[in-house]
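See below for the structure under consideration.
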Amino acid sequence: MADLGAMSRLLPAADMPDVTRVKTLFNLTRPGDNGQPVLIDKQKLPAEERLKYDLSEKENGFREYVSNLIPLRRRTPFPKPDECQNKTYDIEALPQTSVVIIFMNETWSTLLRTVHSVLDNTPPRLLKEVLLVDDASEMEHLKTPLEEYLADFPKVRLIRSKTRIGLIKARIIGFDAATSSTVTFLDSHCECFQRWLEPLLARVATDPKIAAVPVTEIINSEHFGIENANPIHVAILTFPLLSYDWTYLPKREKQRVKSLTDPIYTPAMAGGIFTISKSWFERLGKYDPELLIWGGENTELSLKVWMCGGRIELIPCSHVGHVFRIHTNYHYGNVNSFYSYHRNTGRVANVWLDEYKKFTMNSDGQLVDIGDVSARKRLRKDLGCKSFRWYLNNVHPELYIVGDGVYSGAIRSVLQPSMCVNARDYAYSVALEMLPCNEIGGGQLWDMSELGEIRHSIHCMDSGYSKEVQLARCHGGGGHQAFKYDGQSLYTEFGYCIAMEGNVLVHQTCDGSLSQQWKWHKNREQRNLTNHI
Ligand code: UD2
Ligand code: MN
């Protein structure tokens, strides 16, 4: 059994916890078993251990020290809902898959726990191979030690990229090397739950144009406990960043599905973990190979799967844990994250968003150059894909597009015309503040939706918490998130006026004073009421 013994021989002693000592100290027999958290009271650690503990978070964006206390093979929970236990799958009839795991400077324990969780939780007949693609990592443990370790696992193959190519191209390399009819992608810090793969393959077998996505569970970056998400969240697109966010199941999906285990239609995906038919992904032109290091490829794939005749399904009985880091542990080589992200999403917007591209941040390359997208436009044409408007109407009707509100732009005080309402860091539970108008949008870009929400992307002004107006997640239910604007006053459904008081926003009895008056740009007429997310 691969565990800490094998690991400590391969890693520099300085990085490793004194496992025996720490286990005894905290009475840990099987740390992290079954996805349980490993709770370490740092004050009780001996000084030299505490130093390692402290350093390990700074370097990795997660508490590597705790990850290293957990065996490379640990049991993961049985997926919820409980109805999943009654599902059966005909293993002989399902297609095989090639699992592609890309990595760049990944920690030893998280990388190998990913690999073991695949080997331990997948019926051997279904697993053709595990392809590890190394995107030119620099860490020593990922060189010879990794090769030596993997030599014991014949299904696992290591592919090295000589130069740093970024996650998108790394995935394409893994995909091209895959020899089975379906490919399953994972990040390098995942843990597959029991029976994670069968439900994904079952869907792709039913219709090869389905991209099947498991429920992503959070592996806590401090204590490495894995939760069983409840209720399930779906991924949606967000503007103007062209990223994704998680939200509750849209109403129409709640009505459409017949049981808790039914596949859920999801407009978007986080991007890192999914199964897709090899020939379908190939036909879709894989990913735009011009995309750099990180970001945008998830939006590209989400849009083209739907717009070109397929479907993305979230599969409630398939669960995979993922460590969401606090900060990135890798550098971006000779580009930076800003350049990479905006170039990527700028390309995606230009190929897939039609007239809606103007609502994205780098639609015409105003932030960074996006290069030539003509080959990708040709691909879309050759595939005969539908329009973004079709996607909005049929797949994502509740998507709210920032910048497309009835009123839109900065909300400027009449009392102090240089001051605008500002959503700093999208922070909840604090009063919205007034700041000098910045004229560039950002935290000062507000939209009034058809529902009367005052939106900042998926965040809404909310008058229900205190006298001060705060920001909260939009819920689409009106009430404290519904406002009216008559071209001068901004007031709540309950008849109170929004006013500037000192440098914060409050609601108070209307008295016609200048502090209750606002300038806001009318963008268009109100449309029929829709549900937004
Ligand atoms: C999310 C996705 C990720 C990807 C990304 C958008 C999940 C759980 N994760 O970000 O897969 O779709 O959004 O682009 O859905 N890597 C390389 N080369 C690089 C950079 C990263 O191989 O230059 C590897 C990295 O080691 C990891 C994977 O790519 O295995 C994804 O990177 P991440 O974990 O930093 O991305 P994440 O989870 O923030
Ligand atoms: Mn990740």
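The values are calculated or read from the model by the stated rules, or taken from the named source; none is laboratory data. The model shown is predicted, which means the values in this text are computed figures rather than measured ones. Using ideal geometry, Cβ is built from the backbone for each residue, glycine included, and neighbour counts are taken over all protein chains shown. Ligands, DNA and RNA are excluded from the accessible area calculation, which covers all protein heavy atoms including side chains. Shrake-Rupley method; radii C 1.70, N 1.55, O 1.52, S 1.80 Å.
Take I273 and tell me if it is modelled with pLDDT of 95 or more and within 16 Å of ligand 2 (Cβ to nearest atom). Walk me through how you get there before you give the answer.
Details: modelled with pLDDT of 95 or more: yes; within 16 Å of ligand 2 (Cβ to nearest atom): yes.
So I273 fits the description; yes.
Of all residues in segment 272-297, which are open to solvent by 20 Å² or more (accessible area, probe 1.4 Å) and near ligand 1 (Cβ under 9 Å from one of its atoms)? First the steps, then the outcome.
Step one: of segment 272-297, the residues open to solvent by 20 Å² or more (accessible area, probe 1.4 Å) are 278-279, 282-283, 286, 289-290, 292, 294.
L292, W294 - these are the residues of segment 272-297 that are open to solvent by 20 Å² or more (accessible area, probe 1.4 Å) and near ligand 1 (Cβ under 9 Å from one of its atoms).
Can L186 be described as of a type in the set (A, V, I, L, M, F, W, C), open to solvent by 10 Å² or more (accessible area, probe 1.4 Å) and within 16 Å of ligand 2 (Cβ to nearest atom)?
Considered against the rule, which asks whether it is of a type in the set (A, V, I, L, M, F, W, C), open to solvent by 10 Å² or more (accessible area, probe 1.4 Å) and within 16 Å of ligand 2 (Cβ to nearest atom), L186 comes out as no.
Suppose the filter is of a type in the set (D, E), surrounded by fewer than 18 Cβ atoms within 10 Å (Cβ to Cβ), not in a strand (DSSP E or B) and not assigned by TED's automatic domain parsing to the domain that holds F239; does D382 pass it?
Details: of a type in the set (D, E): yes; surrounded by fewer than 18 Cβ atoms within 10 Å (Cβ to Cβ): yes; not in a strand (DSSP E or B): yes; not assigned by TED's automatic domain parsing to the domain that holds F239: no.
So D382 fails the test.
Residues in segment 230-252 that are open to solvent by 40 Å² or more (accessible area, probe 1.4 Å) and under 10 Å from the mean Cα position of the chain (by Cα): how many?
Adding up the residues that qualify gives 3.
Among residues belonging to segment 318-345 that are of a type in the set (G, A, S) and within 16 Å of ligand 2 (Cβ to nearest atom), point out the one that is surrounded by the fewest Cβ atoms within 10 Å (Cβ to Cβ). Working first, answer last.
Looking only at segment 318-345, we keep the residues that are of a type in the set (G, A, S), and these are 318, 321, 333, 337, 340.
Subset that is within 16 Å of ligand 2 (Cβ to nearest atom): 321, 337, 340.
Working: G321: 30, S337: 14, S340: 21.
This residue is S337.
Which residue, of V323, V348, is within 12 Å of ligand 1 (Cβ to nearest atom), at pLDDT 95 or above, of a type in the set (V, I, T) and under 22 Å from V99 (Cβ atoms)? So that I can check it myself, show each step before the final result.
Values: V348 fails: under 22 Å from V99 (Cβ atoms).
Checking each option against the conditions leaves just V323.
What residue, among those in segment 169-178 that are more than 16 Å from G272 (Cα to Cα) and in contact with a strand residue (DSSP E or B) (Cβ under 6 Å, 6 or more places away or on another chain), is farthest from ligand 1 (Cβ to nearest atom)? Walk me through it before giving the result.
As a first pass, look at segment 169-178 and keep what is more than 16 Å from G272 (Cα to Cα): 176-178.
If we keep only those that are in contact with a strand residue (DSSP E or B) (Cβ under 6 Å, 6 or more places away or on another chain) too, we end up with 177-178.
On the way: A177: 15, A178: 16 Å.
Here the residue is A178.
Somewhere in segment 189-208, is a residue over 15 Å from I315 (Cβ atoms) and more than 16 Å from ligand 2 (Cβ to nearest atom)? Before you say what the answer is, go through the steps one by one.
Of segment 189-208, the ones over 15 Å from I315 (Cβ atoms) are 189-191, 208.
In the following step, the residues that additionally are more than 16 Å from ligand 2 (Cβ to nearest atom) were identified as 208.
Checking segment 189-208: at least one residue is over 15 Å from I315 (Cβ atoms) and more than 16 Å from ligand 2 (Cβ to nearest atom).
Could you tell me whether segment 329-337 includes any residue that is within 16 Å of ligand 1 (Cβ to nearest atom) and not in a loop (DSSP other than H, G, I, E, B)? Reasoning before the result, please.
If we filter segment 329-337 for residues that are within 16 Å of ligand 1 (Cβ to nearest atom), which is where we start, we get 329-337.
Pick out the ones that are also not in a loop (DSSP other than H, G, I, E, B) and you get 337.
Yes, some residue in segment 329-337 is within 16 Å of ligand 1 (Cβ to nearest atom) and not in a loop (DSSP other than H, G, I, E, B).
Output the number of residues of segment 65-86 satisfying the condition of being open to solvent by 50 Å² or more (accessible area, probe 1.4 Å), in contact (Cβ under 8 Å) with a residue 40 or more places away in the chain and assigned to a helix (DSSP H, G or I).
Filtering segment 65-86 down to residues open to solvent by 50 Å² or more (accessible area, probe 1.4 Å) leaves 73, 75, 78, 80, 82-83, 85-86.
Of the ones still in play, those that are also in contact (Cβ under 8 Å) with a residue 40 or more places away in the chain are 73, 75, 78, 80, 83.
Next, only the ones that are assigned to a helix (DSSP H, G or I) stay: 83.
Final tally of qualifying residues: 1.
Give segment 19-55 a look and list any residue that's at positive phi and not small (G, A, S), or say none.
The initial filter retains those residues of segment 19-55 that are at positive phi, namely 27, 32, 34-35.
If the condition is that a residue be at positive phi and not small (G, A, S), then N27, N34 are the ones that fit.
Quick check, is F359 farther than 24 Å from I101 by Cα and open to solvent by 20 Å² or more (accessible area, probe 1.4 Å)? It would help to see each step written out before you state the result.
Values: farther than 24 Å from I101 by Cα: yes; open to solvent by 20 Å² or more (accessible area, probe 1.4 Å): yes.
Considered against the rule, which asks whether it is farther than 24 Å from I101 by Cα and open to solvent by 20 Å² or more (accessible area, probe 1.4 Å), F359 comes out as yes.
Is it fair to say S137 is near ligand 1 (Cβ under 9 Å from one of its atoms), touching a Phe, Trp or Tyr at 6+ places or on another chain (Cβ under 9 Å), polar (S, T, N, Q) and open to solvent by less than 10 Å² (accessible area, probe 1.4 Å)? Write out each step before concluding.
Values: near ligand 1 (Cβ under 9 Å from one of its atoms): yes; touching a Phe, Trp or Tyr at 6+ places or on another chain (Cβ under 9 Å): yes; polar (S, T, N, Q): yes; open to solvent by less than 10 Å² (accessible area, probe 1.4 Å): no.
Against the criterion (near ligand 1 (Cβ under 9 Å from one of its atoms), touching a Phe, Trp or Tyr at 6+ places or on another chain (Cβ under 9 Å), polar (S, T, N, Q) and open to solvent by less than 10 Å² (accessible area, probe 1.4 Å)), S137 does not qualify.
Tally the residues that are more than 14 Å from ligand 1 (Cβ to nearest atom), buried (at least 18 other Cβ atoms within 10 Å of the Cβ) and within 19 Å of the chain's Cα centre (by Cα), restricting the search to segment 306-316. I'd like the intermediate steps shown before the answer.
Step one: of segment 306-316, the residues more than 14 Å from ligand 1 (Cβ to nearest atom) are 306-311, 313, 315-316.
With the extra rule that they be buried (at least 18 other Cβ atoms within 10 Å of the Cβ), the set shrinks to 306-308, 310, 313, 315-316.
Still in the running and within 19 Å of the chain's Cα centre (by Cα): 306, 313, 315-316.
Going through segment 306-316 one residue at a time, the tally reaches 4.
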